[in-house]
Amino acid sequence: MILLELFLYFALISMLAFGGGNAVISLLERISVEQMRWVAPQDFAAAIGFAYLTPGPILITSTFIGYRAAGFAGAVTATIGVFLIPWSLSVLAAFQIRRYIQHPWLQGFGLGAAPAVIGLLGITVFALGRYAIANWFYAVIAGAALALAMFTRVSPILILIGATLLGAVIGPPPG
Amino acid sequence: MSLPQLWWLFIKIGLAAFGGLGVTLSLIERYLVIDRRVLTAKDITEALTYTKLLPGSTGVQVVGYLGYRLGGWPGAALATLGFLLPAFLLILVLSVLYEEITAGLGRVATPALRGLTAAVAGILVATMYRLGKPAVTTLAGTVVAMAACALGIAFRMNPAWLVLAAGILGILMPHWFGREPAPKSFRPKEKETER
């Protein structure tokens, strides 16, 4: 029964995540901490921290909550619940939009929306920068990463590993 | 590109997609646009545009959308399963070891995470530039991009609304955004006689 609850609630949460996973973090907290009591408040905070610490989407938090609620089966159920419907919708969109992509309205929509989509990435840059760039040291790391990604063919993965090690080894404490 | 290759590529992307959507886009751009040339920057922007309008995790949706472009429904499924696999396994390990880890994650975590996040921000700016070059070609486009960014930061407006509003502006005023000539079947007849 708890598996069905997990699936339905996570599916519901995913259907309300307009604009991406970050849009439903507070709803996720309300349902999984206050309403269903699947996890304690401090567990939820740790889950969000883990999701930022690991690669992949923020809603992978669901895997953690599902595991705490109902073990391995809960983890699988919550993960499928939170990703299945949005994934199906996007593949359906790819399928349909390809058929009508030459239509003038869809062309116009794409032309106007594309710059907005690029601009929206700036919000993420701003949020990441506000957290990470606590002092000049991290500003230098960000600048170096930008220069490497812009002008060289160094793999982004190597840049990320290098920056993490630099932060861990010689990163001054924030402040 | 074969389906196993697609699957493996998205496992690699999923393994390195720290910081969510930004790095995911950077890696897709690097592997599929620059290295393998099976997609273009415009394809990525298109995937972002339409998945931003749909509810759910945008990263998973962009991967599903582009996976479909590369290999139909099987491609979409394999790309997404590959993309989510590393994150799922890592979170599972963290869930099992949860009590031990919360005690141990101490002083090293914050500077390391800050270094990582700073690099993510830098890489994302380079990705914005490369995706933006074909997408933002006019003055109006530049204004829309800057307005979307500013409105999102200052008023925390939902991205889906901003994309929808910009898209409608594009339907109404396509020439502002450097409309490409419409294909013959859709071109209104009077346009032909105008000149």
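Read the figures in this text as sums done on the coordinates, not as results from a lab. Note that this is a predicted model, so its numbers are computed, not measured. Virtual Cβ from ideal backbone geometry, glycine too; neighbours counted across all protein chains shown.
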At most 12 other Cβ within 10 Å, DSSP loop - trypsin sites (Lys or Arg not before Pro), the stretch A:1-90: A:Arg37
Rounded, prolate or oblate: which one fits chain A, using the alpha carbon gyration tensor with axes a ≥ b ≥ c (rounded when a/c is under 1.5, else prolate when a/b beats b/c, else oblate)? oblate
List every residue whose amide H lies under 5 Å from the amide H of A:Phe18, counting only residues 5 or more places away in sequence or on a different chain, with H placed 1.01 Å from N in the peptide plane. B:Gly56
Can you list the residues, at least 5 places off or on another chain, whose amide H is less than 5 Å from the amide H of A:Asn135, using H built in the peptide plane? none
Can you work out the Karplus-derived ³J(HN,Hα) for every residue in the stretch B:155-162? Use 6.51 cos²θ - 1.76 cosθ + 1.60 with θ = phi - 60°, whole Hz, and x for glycine or proline. 10, 6, 5, 5, x, 4, 5, 5
Projecting each Cα onto the charge dipole of the protein assembly as shown (Lys/Arg +1, Asp/Glu -1 at the beta carbon, about the Cα centre), which of A:Ile48, A:Trp38, A:Leu84 comes out farthest on the positive side? A:Leu84
Under the definition of partner shielding as Cβ atoms of other protein chains within 10 Å of a residue Cβ, what is the mean value for peptide B:8-16? 2
Assertion target for A:Phe10, A:Phe44, ordered by fewest C-beta neighbours within 10 angstrom first, is A:Phe44, A:Phe10
Taking the Cα centroid of the stretch A:50-106 and of the stretch A:107-152, what is the distance between the two, rounded to the nearest whole Å? 24 Å
Partner chain Cβ atoms within 10 Å, averaged over the residues of B:73-79 - can you pull that number for me? 2
Helix axis angle, B:3-16 relative to chain B longest principal axis, alpha carbon, degrees: 70 degrees
